[in-house]
Every structure is written in structure tokens, then in C-alpha cells.
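Asks: First, the structure itself, so that you have it in front of you.
The values are calculated or read from the model by the stated rules, or taken from the named source; none is laboratory data. Predicted, not measured: the structure shown is a model, and the values here were computed from it. Quick reminder, even Gly has a Cβ in these numbers, built from the backbone with ideal geometry, and neighbours come from all protein chains shown. Just the protein is used for accessible areas: all its heavy atoms, side chains included, with ligands, DNA and RNA removed. Shrake-Rupley method; radii C 1.70, N 1.55, O 1.52, S 1.80 Å.
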Amino acid sequence: MELKNFFFELNNQDNVKKIIINSNLLNNNLKEICIPGSKSFTNRAVVLAGMCSKPVTLYGFLFSEDSYWGLDALKKLGYFIQVDYKSKKVTMIPPSDSKLTRASLFFGKAGTLARFFPAVILNWQNTFSKSNELKVDISGEPQLMRRPLSPLVKALKELNAKISSDQMPFQIESSQLEGECNISGKVSGQFLSGLLLCAAGAQKKIKINRTDNLVQPDYVRMTIQSITNFGGNIQYDAELNHFEIQSTSKLGIEKYTIEADASTCCYFISLAFLHNLNLKILNLGSSTLQPDFKFIELLIQIGANIKILDNEIVVSKKENISKPKGNFTFDFSLYSDQALTMGAIGLFADGPILITGVSHIRHHESDRISCFVKNILSLGLKIDELPDGFKIYPIEKSFNEIKGEFETWDDHRFAMTGFLISSKLNQVSILNPKCVEKTAPQFFNQVQELGFQIDIVKEE
């Protein structure tokens, strides 16, 4: 398994310090693009494949920093990984005779995998019935080590999981999970998703109760769908309050196709909207469960000309050019990854836009609320910070007067949001664009296919 194509690459250049965007050569010819595979479905599929005792082939795989660490972890546990970059296909072949007893895994900045991958380790002796007890030390980069894990660890310990600490770095031992547990959903739905993945591989029935409100429930539904596709058996109520996971003799699926990433798709659609371009997304449509897809409905509400088909999305140029509509209040709790996207669009609207319901994004790769506010203020623009969001105001000065640097805070969402802003404010550069590799390493190459030009400033 090679590193190439997993990480950031821009115009065959490395050591990129910052980039400057030129939008002067855009045209209205229809552009067609395919969006890379879903980060969320890719991460879930990697973990579920790690609980399968027979080979699994994943199609539409997202090659990113996150997925690299997932495959790297499986490789260290004895899996043979076959990677086909051109066809975006990965085959994971489990060890034929696992005698592994100790391992050390590193997950970079991949918070999702840190919460999901314990399922592979805890259920190791269920997946491989003749294997020994497995003890695994887990660590990551400092950014990941600071992210919360305690609600998940607490719930797993109620199910007899052997985990040394509720914060990384920690050691996990293969365990026989059983019983009933409670878990909070108010900080992150990933805790519940991680718990469901762990329960799916257990040999005994497990009951899970959610104790309070649930952040981003659609991601939990995606987890349930993924587990079911791999042969798991989960019973649950419509409100996602109570779950009963029946024991399954063996999880397994020969082939699994990952749909395109709705979150990444939203940046391309937003670009087409802001620049009044004609764009067709070829591999995502109305059938998706991904919650960020609902953001497209908000874009339509504020004036975008978008048609959603079963497997395509079409953004069409408006003959009468107008600013995005402002004077809205939006609750982004269900699709919080797009809060910054709407914040960027709000700078170019005809009235202020208030974003609420996203207090939990203060605990993502960065404090996304505070850092976004700092970035906007550093450009001399107006924004109000709120405990659970922000209020963004339209730019009132000439775009040519606005100069500066957009800090990315080692957070992939800021790299893509920064592109939206810099594509309109060409004298604002984007610092450390490399962090986009976490989920979309080819993002800056793909936006050039739409006609945007990128000038690179390299590290000295």
C-alpha cells in the first residue's frame, strides 16, 4: 500500500505555504465533475471490513488522510490491502491465521476512526475465533488526542470492554461485549455510531439507550444502514432512543459501493452559485442519506438555481444576476459541517445571516466558531460570535480593498471554506491548504477543472 494519492498534491508541487486564487478566466460553459467518495461511508466501511473474516472489496473509495490511517491500521493487524487508485477500489483480505497478541496503531487526526475502530479490536476474537487475546495501544496527533472520547468509553465499559483510559492514548483489549448501556448523544453522534459498530460484532445481544438529545441523527442512520449492509441485525425505534443489537454469526459482504461525499459536493455547488456557473454533479442525487445534502435546499432558498435528480445535481446560471438572499436565521444542527460554508456565502448576500445550533463544532478539528470569527475579523469584515453559532454580515466595501490571509487552523473545512471566500476576494490568500487532505486531498485540483486558477507560494 503506497502513500501516493492519499495525501495533498497540488499541480505537482510540494511544500506549499499558501495559495492565491484567480477567478478572472471563468466561463459559463457547462462543467461536469464526479465527487470523491463519502468520508463517512468510507470510514464505516473500513471498520466493518475489519470485522469480516473474509475478503471485502470497496468501490468508490475515498483516498484521504483519514482513510489512509484506517487501512494502515488494518495492515498492522495483518490484513493484506490491495489498492487500485484509478478505479477507486480497495480490497481488504483478512489474515488467514492470526496469532497477533500486541499492536500499536496511530490514527493521525482521524477523529471518526478513533471512535469507530475500537469495534475491530474489541471483537477481534469473535471475528477470528482461533485468535489470541489482542492488546492494542492507540494514539494520534495532538489535535486528535484532545478530542473527547469519554462518553463512548464509559458506555463500552458498561458492556465489559477492556479500555485503559477514557482519553487517548489508551490501550484496548479484545473483549466479550454483553449487556445494556446508556450513552449521551449531545456532544457527538459519533459516540453512538461507534457504540453501534462495537455492538454489531458482539456474540451476545446488546441493548443501548440514548439518554438525551442527539446531534446529527442522520449520521447514526448511515451507521445503521452500513451495519445492515454488512449483515448486522439492529432493531431500533424511530426516534433513535433505544437499540437492540442481535448477535450475528459473522459479518460479511463481498462487494460494497460507497456513494459520493455530500459534504464535499456542497463546496462545488456553492462555488457555482457564487460565480453564476453552469455545473453538473454526476454521481450524487436525491436518494442519499447524508445529512449535508439538505444544505442544498437552503441554497435554493437563498436564490440558487439548482435541480436535484435521482443521481445528478444541476446548478444553472441565472440570467438576472443577484446576490444570495440574506436576512435569514438557520438552525444548522443537522448539517453542521456546512455552517462555515453558509458563513462564507453570507459575506456576499444582500443581508445578514444568523447560524445557530452548532455549539458542538467548537470541539471538532478546531473551535470552528471561534476560529471562523477570528478569520473574518482579521479581514476587517463584520461577524458576531454566539455560544452556538455566529451572525455574518455582508461585505460593504469594495472587494479589491480586502486583503489578508485566511488561516486554516489545520482543519480541512477551513481550507475549503477559505476557497469560497478567496475565489471572490482574490487578494485573500489561503494558508496551509495541505490540511484539506484529511477528507478531500484532490479538492484544489478539481476546482481548477471549473476554471479557477491557483498560484502557489512555497515554503522558504
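Asks: Under a cut-off of 17 Å between alpha-carbon atoms, report the lysines in cross-link reach of residue 280, not counting same-chain residues fewer than 8 places apart.
Replies: Counting by Cα, and skipping residues close in sequence, residue 280 has these lysines nearby: 31, 307, 317, 318.
Asks: Return one number: the angle in degrees, 0 to 90 and rounded to the nearest 10, between the long axis of the Cα atoms of helix 217-229 and the longest principal axis of the Cα atoms of the chain.
Replies: Between helix and principal axis, roughly 50 degrees.
Asks: For segment 344-396 and segment 59-84, write down the distance between their C-alpha centroids in whole Å.
Replies: Segment 344-396 and segment 59-84 have Cα centres spaced 35 Å from each other.
Asks: Ok, one more. So how strong a dipole does the chain carry about its Cα centre when Lys and Arg Cβ are +1 and Asp and Glu Cβ are -1, to the nearest 20 debye?
Replies: 540
Asks: Now a separate question. Just flag the trypsin sites (Lys or Arg not before Pro) in segment 215-311 sitting in loop per DSSP whose Cβ has no more than 10 other Cβ atoms within 10 Å.
Replies: Sites meeting the loop and neighbour criteria: none at all.
Asks: Using a cut-off of 15 Å between beta-carbons, work out the net charge of the residues near residue 292 (Lys and Arg +1, Asp and Glu -1, residue 292 not included).
Replies: Value of the local net charge: -1.
Asks: For a test of the definition: using alpha carbon positions, the gyration tensor, and the 1.5 limit on a/c, classify segment 304-388 as rounded, prolate or oblate.
Replies: oblate
Asks: Continuing with this model, one more query. Could you rank 318, 397 by how accessible they are, 1.4 Å probe, largest area first?
Replies: Ranked list, largest accessible area first: 397, 318.
Asks: Where does the charge balance sit around residue 28 when Lys and Arg score +1, Asp and Glu -1, over other residues with C-beta under 12 Å from its C-beta?
Replies: With Lys, Arg at +1 and Asp, Glu at -1, the neighbours total +2.
Asks: Just subtract the alpha-carbon distance of residue 319 and residue 386 from 0.36 nm times their residue separation and send over the number in nm, one decimal.
Replies: Between residue 319 and residue 386, full extension yields 20.4 nm more.
Asks: Treating the angle as unsigned and between 0 and 90°, give the value, to the nearest 10°, between the Cα long axis of helix 368-378 and the longest Cα principal axis of the chain.
Replies: 20
Asks: While we're on this one: If you roll a 1.4 Å probe over segment 105-213 with all protein chains in place, what percent of the accessible area is carbon or sulfur?
Replies: 45
Asks: Taking the chain as the reference, fit the longest principal axis to its C-alpha atoms, fit the long axis of helix 262-275 to the helix C-alpha atoms, and give the angle between the two in degrees, 0 to 90, nearest 10.
Replies: In the chain, helix 262-275 runs at an angle near 0 degrees to the longest axis.
Asks: Let me ask something else. Once you sort the root eigenvalues of the Cα gyration tensor of segment 48-165 as a ≥ b ≥ c, which label holds: rounded (a/c under 1.5), prolate (a/b larger than b/c) or oblate (the other case)?
Replies: oblate
Asks: Under a 1.4 angstrom probe, counting protein chains only, how are 412, 363 ranked by accessible area, largest first?
Replies: If we order 412, 363 from most to least accessible, we get 363, 412.
Asks: Can you sort 212, 97 by solvent-accessible area, 1.4 Å probe, largest first?
Replies: My answer, sorted largest first, is 97, 212.
Asks: Let me ask you something else. Give me the distance between the Cα centres of segment 314-335 and segment 144-204, rounded to whole Å.
Replies: 39
Asks: Over the chain, with the other protein chains present, what is the accessible area per residue in square angstrom, probe 1.4 angstrom?
Replies: Averaged over the residues of the chain, the accessible area is 38 Å².
Asks: For a quick check of your reading of the filter: which chymotrypsin sites (Phe, Trp or Tyr not before Pro) in segment 68-98 sit in a DSSP loop and have no more than 16 other Cβ atoms within 10 Å?
Replies: Sparse-neighbourhood loop chymotrypsin sites (Phe, Trp or Tyr not before Pro): 85.
Asks: Also: Between residue 242 and residue 427, with labels modelled 7 Å along Cα→Cβ, what's the label distance in nm to one decimal, could you check?
Replies: Once both label points are built, they end up 6.3 nm from each other.
Asks: A follow-up question, please. Report the full-extension gain for the segment residue 456 to residue 280: residue separation times 0.36 nm, less the Cα-Cα distance, to one decimal in nm.
Replies: 60.6 nm
Asks: Under 1.5 on a/c is rounded, so check that first for segment 375-454, then, if it is not, pick prolate when a/b is larger than b/c and oblate when it is not; a ≥ b ≥ c are the square roots of the alpha carbon gyration tensor eigenvalues.
Replies: oblate
Asks: For segment 233-276, run through the GluC sites (Glu not before Pro) and keep only the ones in DSSP coil with at most 16 other Cβ atoms within 10 Å of their Cβ.
Replies: Sparse-neighbourhood loop GluC sites (Glu not before Pro): 239, 254.
Asks: Each residue of segment 337-347 in order: what ³J(HN,Hα) in whole Hz does its phi give by Karplus 6.51 cos²θ - 1.76 cosθ + 1.60, θ = phi - 60°, with x for Gly and Pro?
Replies: Each residue's phi maps through the Karplus curve to give 5, 9, 4, 5, 4, 5, x, 5, 5, x, 4 Hz.
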